[in-house]
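Student: Here it is, the structure, as structure tokens.
The values are calculated or read from the model by the stated rules, or taken from the named source; none is laboratory data. All of these numbers come straight from a predicted model, not from anything done at the bench. We place every Cβ from the backbone using ideal geometry, glycine too, and count neighbours over all the protein chains shown. All accessible areas refer to the heavy atoms of the entire protein, side chains included, with ligands and DNA or RNA removed. Shrake-Rupley method; radii C 1.70, N 1.55, O 1.52, S 1.80 Å.
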Amino acid sequence: MRRRTYLKTTGTALLGLAATGTAVADDDRRGNYRPGGPWPGSEHAYNLNAYHTNEELAADLQRLDRKSDRISLTQIGRSAGLGGPIWEVTVGDGDTGVHLINQIHGDEPVGTEVTLSLLRDLALGNSKQVDLLLDELSFTVVPRVNPDGAMFEYDIDDDGTDEWIGRRTNTQDWAEGDSAYRPSYHYATPDDAHPGYDMNRDFNIALDADAIDEQDGSWSQSDSGVNYYDVEYEGYTLRSSGLMLAPEVRAVAASALRADPDYAITHHHQGRYLYPGSGDGNQPPKQTIMSVMPAYGEAYLDRSPFDFDGADVEQVVDPFIDAETSERSLQLNVLVEEALGQRGDSVFDSVTRYGYYPLWGSYLDTVCPNTGAAGLLYEVAGQTDDRGQQGFGQMVQATTVGFMATFEAMADGSIDDVDAEKYWDIPLTGDPLENPHGVDLPTR
Ligand SMILES: [Zn+2]
């Protein structure tokens, strides 16, 4: 029987994975304002009892597939380390395509759990709401991109037994010949025993792994010895591009190209942030329940929160996303903020904007330009050991509300009436709250 330990904070530093180099300021202007290291996020302290193991996930999906002729279940790949199946579920007959991926970071599991509930409803439900979604939308869902990270085990308390803790990366070695240099987003444990990729940095604008010619790009090295791969593409320099070295990424990219969606959605967790303006005067400080992020092009260049002197356009916005698609992306964000805000002055009325800038190795910034999809990234406030099950329940609820608000608006067409300008009224994410682990957790 697998041990499911509710982790204590003590000793978590043992797991601090060393990056291939220490992220430094000069890396920050390379599209890595919040570099993915040196902590790939494994300091989260989850009660994993609430989450599906890979085996449980497979069993649930196969049960739905047997019970319902509405859904189609396909194994589209295997993870690099455990060989765990990457599942794709398609459901719905509508003209509007939705591509949804969860848990590309293995320790960010709430999207997977909410998606399983959604799929259960779509497969077996008979409500008007279910009928509407099935008639109008075609979902292509990868419930869990990162089986390796989801199930990652490590002897975190040094008691001679591995504990199931999960982590951000997959489990995959980098070897000479995989690429000319070991890329910035490959991490190793101090003992080099469990290396792996941050897979939301491994995508490439080509999206088709077979179409990538490493010669089309160039390598550079930061002062601290981190290797970055930059691609010259349509007159732009796509810094810190990925090389699609992870089989999971190749499977997701192929899934997205097949689906050719109108909307591309990816779910993540973030650390804890103060809701801006709260904590003043007599107002108690309030935590942000969720941040949302669009992907947009030059139509909104002058409003970018991350413009800086000498920046190239492609460091600030995704120039391959047209104005109409950019607007739809903002509309998605507004829908989530308004749906959670309708609950009045509660913990849910605290959605913030995760300031957008392109990451050229990420799912959104490569899938949206290739498919014309409008993008949305969720960052639900991560569960921590001092919030426990209440935190889990709130993350599930916030994600469910966001999913349903956006899917219903796509299905009934009301998304077209959403005022995209309201996006700019959503406050930018506030200051990080001190977390029990004393480190800033990387996000996205
Ligand atoms: Zn993430």
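Student: Grab the Cα-Cα distance for R343 and D159, subtract it from 0.36 nm times how many residues apart they are, and report the gain in nm with one decimal.
Tutor: Extending this stretch completely gives an extra 61.7 nm.
Student: Now, a different point. Please return the longest range in the chain lying between exposed loop sites, taking chymotrypsin sites (Phe, Trp or Tyr not before Pro), DSSP loop only, at most 12 other beta-carbon atoms within 10 Å, and leaving the sites out.
Tutor: 7-307
Student: Select from H194, H269, H99 the residue whose mean-square fluctuation is largest in a Gaussian network model of the chain (Cα-Cα springs shorter than 10 Å).
Tutor: H194
Student: Efficiency by 1/(1 + (r/R0)^6): what FRET value for Q75 and L301, r their Cβ-Cβ distance, R0 = 41 Å, to the nearest 0.05?
Tutor: Efficiency at R0 = 41 Å is approximately 0.50.
Student: Hey, any idea what % of the chain's accessible area is carbon plus sulfur with a 1.4 Å probe?
Tutor: C and S fraction of accessible area: 44 percent.
Student: Please find, in a Gaussian network model of the chain (springs between Cα atoms separated by less than 10 Å), the residue of N146, N333, N54 whose mean-square fluctuation is greatest.
Tutor: In the Gaussian network model the winner is N54.
Student: I've got another one for you. Under a point spin-label approximation (7 Å from Cα along Cα-to-Cβ), what is the A211-A323 distance to one decimal in nm?
Tutor: Calculated label separation equals 2.6 nm.
Student: Given a 1.4 Å probe, how much area per residue of the range 12-425 is accessible, in Å²?
Tutor: Using a 1.4 Å probe on heavy atoms only, each residue of the range 12-425 averages 36 Å².
Student: Please list, by residue number, every one of the trypsin sites (Lys or Arg not before Pro) in the range 225-322 that is coil in DSSP and has at most 14 other beta-carbon atoms within 10 Å.
Tutor: Hits after loop and neighbour filter: nothing returned.
Student: GNM on the chain, C-alpha springs below 10 Å: top fluctuator among M244, M404, M151?
Tutor: Fluctuation is largest for M404.
Student: Write down, largest first, the equivalent ellipsoid semi-axes of the range 12-425 in whole Å, where each equals the square root of 5 times an eigenvalue of the alpha-carbon gyration tensor.
Tutor: Value: 29, 26, 24 Å, ordered largest first.
Student: Additional query: Among Y300, N227, Y275, pick out the residue whose Cα is farthest towards the positive end of the charge dipole of the chain, where Lys and Arg carry +1 and Asp and Glu carry -1 on C-beta, about the Cα centre.
Tutor: Going by the Cα projections, it comes out as Y275.
Student: Now for a different question. For the range 308-399, rounded, prolate or oblate, judged on the Cα gyration tensor with a ≥ b ≥ c (square roots of eigenvalues), a/c < 1.5 rounded, else prolate if a/b > b/c?
Tutor: Values: a/c = 2.32, a/b = 1.88, b/c = 1.23.
It comes out prolate by the Cα gyration axes.
Student: Only helices at least 15 Å long along their axis, Cα-based, and averaging 0.0 or more on Kyte-Doolittle count here, so list those DSSP H runs from the chain.
Tutor: Counting only whole DSSP H runs, the qualifying helices are 110-124, 247-259, 388-412.
Student: How large is the helix-only mean residue ellipticity at 222 nm for the chain, computed as the sum of -39500 (n - 2.57) over DSSP H runs with n ≥ 4, divided by its residue count, in deg cm²/dmol to the nearest 500?
Tutor: -8000 deg cm²/dmol
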